[in-house]
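Notes follow the structure.
Read the figures in this text as sums done on the coordinates, not as results from a lab. The model shown is predicted, which means the values in this text are computed figures rather than measured ones. Note that we place each Cβ from the backbone using ideal geometry, even for glycine, and neighbour counts take in every protein chain shown.
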Amino acid sequence: MEWEVVIGLEIHAQLACKSKIFSGSSTNFGIEQNTQASLIDLGYPGVLPVLNQEAVVMAIKFGLAVNAQIAERSIFARKNYFYPDLPKGYQISQYELPIVFNGSLEIQTQNGLQKRIGITRAHLEEDAGKSIHDKFEQETAIDLNRAGIPLLEIVSEPEMNSPKEATAYMHKIHQIVKYLEICDGNMQEGSFRCDANVSLRPKATSKLGTRTEIKNLNSFKFVEKAIAYEIARQEELLNEGKEITQETRLYDSDMDETRTMRTKEEENDYRYFPDPDLLPLEIDKSMIEQIRSQLPELFEAKVQRYVRDYGIKENDAVKIADTIELARYFEKVTAVFNSDNKLVANWILTELLFVLNRDGLSIDQLGVSPESFAQLLQRITDGTISGKIAKDVFDSMVHEKKEVDVIIQSRGLEQISDVGEIESIIVEVLETFPDQLQEYLDGKEKILGFFVGQVMQRTQGRANPSIVNEILKEKIKNN
Amino acid sequence: MERYTLKNLVAMLRSRDISSHEILEMYIQRISEHDSSFNSYITLNQDAALEQSIQADRLIESGDPLPLTGIPYAGKDIFCTQGIKTTCGSKMLENFIPPYDATVISNLNNQGAILIGKTNMDEFAMGSSNETSYFGPVHNPWDLARSPGGSSGGSAVAVAAGLAPIALGTDTGGSIRQPAAFTGITGLKPSYGRCSRYGMVAFASSLDQAGILALTAEDTAILLESLAGFDPMDSTSVEADVPKYSGLLNVSIEGKTVGIPKEFFDEGLDAESEQVFLDAIKVYESLGVQFKDISLPHLGLSVPTYYVVAPAECSSNLARYDGIRFGYRHDEIDDLDDFYLTNRQIGFGAEVKRRIITGTYVLSAGYYDAYYLKAQKVRQLISQDFKKAFQDIDAVMGPTTQTPAFKIGEKIDDPVTMYMNDIYTISANLAGLPAISHPCGFVQSLPFGLQIIAPHFAETELLNLTHLFQQETDWHQKQPPDLNEA
């Protein structure tokens, strides 16, 4: 039978608030265990939660960015279950009335088409603490620094039909939260993680099949591979006429497989009910409009502006605007160096990305400021160095952390544009290779490149290529 | 043995007839002599209190005292007190020493008041007789064989027996008013949101409210001025100005209209109690109050509604007592489940367990709609009943309880009978309304209380009515017989 894959994602984005969602504790990552846990985070007798308004503003920003409805009134609920890293014995979340609902975004499918994916809801909740099972023998340690960290849980409609679509959607959400600066998007640190719901149904039918949920996927690659594995697993079972068990599964990236975590029968009854310690969250229209007016420029608008105002190709604009860091870098470089935007785009998309990928660096770790990068491009356009030399200079900038002009001067890399100097080198080359000169004169014009190469070799690549070409042709003609 | 009002003590301190240190020594002396009969205190704050009284005397000397400088008060052992054991009447918190003060505690301390000790209570405030306390029952000074009511039984007895001039309690379903009625004192449950709940160990968050047990309405008014107010740490506290209650007493009540709900007289109220109440009404009539028969049609549903909502919230509020970060922790355990089960099995008493189980049940999948959701709807109806009634009347009056204090052991094995104790008081909690109970006579030689319920934030109305009643009567001055001999 032909099966259609149906995927829905629940993404947990850790909100980039300075303090926790219901207490004043800091949200810094990587601090000594249990030092950022106040009495409220510890669930001490008598303490009460107070909602962090910054988290509310961030949730609204997200809602507006995905054209969702913002609830005038939303409710915090308690999700009750016992676990040692859940200090109160319940997690404060939103259940029946979330702050954001009915949104959507567009992804590009494999065949290049735009596809709309619905966002059912996004709700505010607190994170639990962390259980550390591998630090002490026979004992589990609890770190409550994470308890109460604000999360936005973003739930999609089950409208993705392949692993690629799922990662495209996840990528889009990642892009949006980073553009909005409401989440640092750091997946290694768990700031952005995902649960995937996967089911299969016979092609051209509408009733959803039994789904499984794969928990805690913290990279795009894992999402794609876990879903692909799960599809194959379910397909095999269904083709054998077996039934899918509704259950929660875990993805083991070492084995590249998913495994049962708990079945539906083993699920907790969370006994959700409205948290009596928190009033309903009421948001008036003027607050929404004020936040809307302060929304930053988002991806689509940026691409359009790059094409319109910077004159770069749409394809390039899309690639640059893909991550907010790259876009910001591009804008800072062009703010200093504005004579050739295409050169900037070109250099960012080739040389810069090449180095980042090769060295596994983020743009902040690169150590080359946009101003320095602009200076490098300036030296190309003003003829001080050739584009080829510039690549070496850039490499040195990355590794030696020196400024452009310092590198050029200390190594004597300035381009030779002096006609007389180049002419004498050309004369020397032509005299050294009379046979090749004859071949050229006999009509083998390709050999010109050989002479150019010889000139470059004698100048360590510093000769201005256009001047070399010009004089070379002239010399040969007059020979 | 004389019982001093807060107002008296302030006057005596100001006129230097007595020092704060002498006051504290007097109360500590009384407690050590008499409390073995009552068991009203769990923990005494003796040394720190005496130390603070010396500082208070210096401040009085300097001529710049705060409103409550040097005045002792007792706090129900449900309020977190920094460095002072806060047991909540439970083995679970037998050795719990909070690292912080509840807001109401710091509100009083900031006005110069001195915490003399922590009073006994039903475990986690779950009970109407003070018999569920892990630290043993409290005895009613009017008859030691009788219960003082609960859950703020320790606070009520401390005030009634002259072991504190005034005390803090909490009221979730009647836990201030019923003990006040049973011990012949005045008890105020303010409007929900009037006083901060921060630092008050939660039982049922949407119903819990801190309040006052005192000898007079006037004392209650004075203390409420310091106690009440918005707290940024409690989202459910209300940002409303705190009136100068004590300056708003003695306002004529002529022409006020008070409603008497016929539902209070349906069943369970005996003839003698009813007569005492009706006699008290006459006092109000003589002051110009007009009475009107009203109906609060859903009042009869308040007890079952309460016993769904309160356990539901408590089942969740008490989940934090797992023995990991604080509270009772058993050493020998097999695994995580055993750890939870053992700690909670040993740490909690029977009534607390009963309510956790009930609450867990009513919130469970498949039962939520039938119980919790339905109870919330009925709660709305009860609120609306009051709202409608208050369009035509200024306050509602009725007896605080159906009977005077019952005997210890009489009802403890019959939870439903025990729960019916709060039949008159619970509706004010469900509707979030302020309510007061004041002494209005005696039934079988035991004090009997009259309850007044007013619209949201109309505490002034309650205090003024009660104050004027207390100007005309001396029920509130009646002391337990043994006290007179002591």
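With a sphere of radius 15 Å drawn around the Cβ of residue B:439, what net charge do the other residues whose Cβ falls strictly inside it have (Lys, Arg +1; Asp, Glu -1)?
Working: positive: B:3, B:177, B:478; negative: B:218, B:219, B:279, B:472, B:474.
With Lys, Arg at +1 and Asp, Glu at -1, the neighbours total -2.
For the stretch B:250-322, what does the relative contact order come out to in percent, with C-alpha contacts under 8 Å and a separation of six or more? Could the numbers behind the result be given before it?
Details: 43 pairs, mean separation 32.9, N = 73.
Relative contact order here is 45 percent.
Given Cβ point charges of +1 (Lys, Arg) and -1 (Asp, Glu) and nothing else, what value in debye, to the nearest 20, does the dipole of the stretch B:6-254 about its Cα centre take?
Numbers: 15 positive and 27 negative charges, 50 e Å.
Dipole of the stretch B:6-254, to the nearest 20 debye: 240 debye.
What Rg and what Dmax come out for the stretch A:190-297 when only alpha-carbon atoms are used, in angstroms?
So, for the stretch A:190-297, Rg and Dmax equal 19.6, 57 Å respectively.
Determine the percent antiparallel among the DSSP beta bridges restricted to the protein assembly as shown, to the nearest 5. Walk me through the numbers before you get to the answer.
Working: 88 of 107 bridges.
Percent antiparallel among DSSP bridges in the protein assembly as shown is about 80.
Working from the alpha-carbon coordinates of the stretch B:1-52, get Rg over Rh, Rh being the Kirkwood radius. All intermediate terms of the calculation are to be shown ahead of the outcome.
Details: Rg = 12.0 Å, Rh = 12.1 Å.
The Rg/Rh ratio comes out at 1.00.
Taking only complete DSSP H runs, can you tell me which helices of chain A stretch 27 Å or more along their own long axis by Cα positions and average at least -0.5 on the Kyte-Doolittle scale? Working shown, then result.
Values: long enough: A:220-239 (28 Å, -0.14).
TM-like helix candidates: A:220-239.
Per the Kirkwood definition applied to all pairs of different Cα atoms, how many angstroms is the hydrodynamic radius of the stretch B:95-190?
Details: mean 1/r = 0.0743 Å⁻¹.
Kirkwood hydrodynamic radius for the stretch B:95-190: 13.5 Å.
Give the dimensionless ratio obtained when the Cα radius of gyration of the stretch A:303-422 is divided by 2.2 N^0.38 Å. Show your work: numbers first, answer last.
Working: Rg = 14.7 Å, N = 120, 2.2 N^0.38 = 13.6 Å.
For the stretch A:303-422, the normalised Cα radius of gyration comes out at 1.08.
Can you tell me what the convex hull of the Cα atoms of chain B projects to on average, as an area in nm²? Display every interim value, and only then the final one.
Numbers: hull surface 87.3 nm².
Average projection, Cα convex hull of chain B: 21.8 nm².
State the answer as a single residue: which of B:179, A:415, A:51 lies farthest towards the positive end of the charge dipole of the protein assembly as shown, with beta carbon charges of +1 for Lys and Arg and -1 for Asp and Glu, about the Cα centre.
Comparing the listed Cα positions along the dipole, A:415 ranks first.
Non-local amide H neighbours of residue B:294 (under 5 Å, H modeled in plane, Pro and chain starts lacking H): which ones?
The answer is B:260, B:262.
As a test, work out the antiparallel percent of DSSP beta bridges whose residues both lie in the stretch B:6-254, rounded to the nearest 5. Before the final figure, lay out the partial values.
Values: 14 of 21 bridges.
Antiparallel: roughly 65 percent of the beta bridges in the stretch B:6-254.
Take every DSSP beta bridge whose two residues both sit in the stretch B:63-185, then give the antiparallel share in percent to the nearest 5. Mind dumping the intermediate values first?
Details: 2 of 9 bridges.
The answer is about 20 percent antiparallel.
In the stretch B:6-254, with Lys and Arg counted as +1 and Asp and Glu as -1 at Cβ, which of these residues, B:88, B:117, B:43, has the Cα nearest the positive end of the dipole, that is, farthest along it?
B:88
Just how large is the dipole of chain B about the Cα centre, in debye to the nearest 20, putting +1 at every Lys and Arg Cβ and -1 at every Asp and Glu Cβ?
Values: 35 positive and 60 negative charges, 139 e Å.
The dipole magnitude comes to about 660 debye.
Give me Rg/Rg_expected for chain A, where Rg uses Cα atoms only and Rg_expected = 2.2 N^0.38 Å with N residues.
On the way: Rg = 29.6 Å, N = 479, 2.2 N^0.38 = 23.0 Å.
It is 1.29.
How big is the shadow of the Cα convex hull of the stretch A:132-235, averaged over all directions, in nm²? Walk me through the intermediate numbers first.
Numbers: hull surface 35.3 nm².
Seen from a random direction, the Cα hull of the stretch A:132-235 projects 8.8 nm² on average.
Compute the distance from the alpha-carbon center of the stretch A:60-109 to that of the stretch A:136-168, in whole Å.
With the stretch A:60-109 and the stretch A:136-168 each reduced to a Cα centre, they are spaced 13 Å.
What FRET efficiency do you get for residue B:50 and residue A:53 if R0 is 45 Å and r is their Cβ-Cβ distance, rounded to the nearest 0.05? Spell out each step's value before the answer.
Working: r = 45 Å, r/R0 = 0.99.
With a Förster radius of 45 Å, E is 0.50.
Too long at a 23 Å Cα-Cα cut-off: which of A:221/A:302; A:332/A:402; A:215/A:302; B:189/B:244; B:76/B:387; A:332/A:391?
Beyond 23 Å: A:221/A:302; A:215/A:302; B:76/B:387.
Find me the longest stretch of chain B that has none of the exposed GluC sites (Glu not before Pro), where exposed means in a DSSP loop (not H, G, I, E or B) with at most 10 other Cβ atoms within 10 Å.
Values: sites that count: B:2, B:239, B:254, B:267, B:332.
After excluding every exposed loop site, the longest remaining stretch is B:3-238.
Separation between the residue B:265 and residue A:305 pseudo-spin-labels, each 7 Å from Cα along Cα→Cβ, expressed in nm?
7.6 nm
So how much slack lies between residue A:34 and residue A:207, counting 0.36 nm per residue of separation and subtracting their Cα-Cα distance, in nm? Walk me through the intermediate numbers first.
Numbers: separation 173, 0.36 × 173 = 62.28 nm, distance 4.73 nm.
That works out to 57.5 nm of additional length.
Give me the distance in nm between label points sitting 7 Å out from Cα along the Cα-to-Cβ direction at residue A:369 and residue A:250, one decimal.
In this crude spin-label approximation the distance works out to 4.7 nm.
Whole-Hz ³J(HN,Hα) for each residue in the stretch B:80-86, computed from phi via Karplus 6.51 cos²θ - 1.76 cosθ + 1.60 with θ = phi - 60°, x for glycine and proline: what do you get?
Running phi through 6.51 cos²θ - 1.76 cosθ + 1.60 with θ = phi - 60° gives 5, 10, 4, x, 10, 3, 10 Hz.
Under 8 Å for C-alpha pairs, at least 6 residues apart: give me the relative contact order for the stretch B:6-254, rounded to a whole percent.
Numbers: 607 pairs, mean separation 42.6, N = 249.
Averaging sequence separation for qualifying contacts and normalising by length gives 17 percent for the stretch B:6-254.
Could you please report the charge total around residue A:376, scoring K, R as +1 and D, E as -1 over all other residues with beta-carbon less than 15 angstrom from its beta-carbon?
Details: positive: A:332, A:379, A:388, A:391, A:401, A:402, A:411; negative: A:340, A:351, A:371, A:382, A:392, A:395, A:400, A:403, A:405, A:414.
Result for the neighbourhood of residue A:376: -3.
Once you treat every alpha carbon in the stretch B:347-486 as an equal point and sum by Debye, what is log10 I(q)/I(0) at q = 0.16 Å⁻¹?
Values returned for q = 0.16 Å⁻¹ are -1.06.
Could you state the number of Å between the C-alpha centres of the stretch A:415-479 and the stretch A:286-314?
Cα centroid to Cα centroid, the span is 50 Å.
When all C-alpha to C-alpha distances in the stretch B:6-254 are sorted into bins of 5 Å, what percent of pairs does each bin hold, rounded to whole numbers?
Reading upward from the zero bin: 1, 7, 15, 19, 21, 18, 11, 5, 2, 0, 0.
Based on the alpha-carbon set only, what is the convex hull volume of the stretch A:1-155 divided per residue, in Å³?
184 Å³
In nanometres, what is the gap between the two model label sites at residue A:110 and residue A:406, each 7 Å from Cα along Cα-to-Cβ?
Here the modelled spin labels are 5.0 nm apart.
Reachable lysines from residue B:407, Cα under 22 Å, same-chain residues fewer than 8 places away excluded?
Straight-distance partners of residue B:407: B:478.
Could you list, bin by bin from short to long, the percent of Cα-Cα pairs of the protein assembly as shown in 10 Å steps?
The percentages, shortest bin first, are 2, 10, 16, 17, 14, 11, 10, 7, 5, 3, 2, 2, 1, 0.
If you take every residue apart from residue B:29 with its C-beta less than 12 Å away from the C-beta of residue B:29, what net charge results, scoring Lys and Arg +1 and Asp and Glu -1? Write down the numbers at each step before the final one.
Values: positive: B:30; negative: B:22, B:25, B:33, B:35.
Within the 12 Å Cβ shell, the charges total -3.
In debye, nearest 20, what is the charge dipole magnitude of the stretch B:299-385 about its Cα centre with +1 on Lys and Arg Cβ and -1 on Asp and Glu Cβ, if you could check? Let's see the in-between values first.
Working: 10 positive and 11 negative charges, 105 e Å.
Using Cβ point charges on Lys, Arg, Asp and Glu, the stretch B:299-385 gives about 500 debye.
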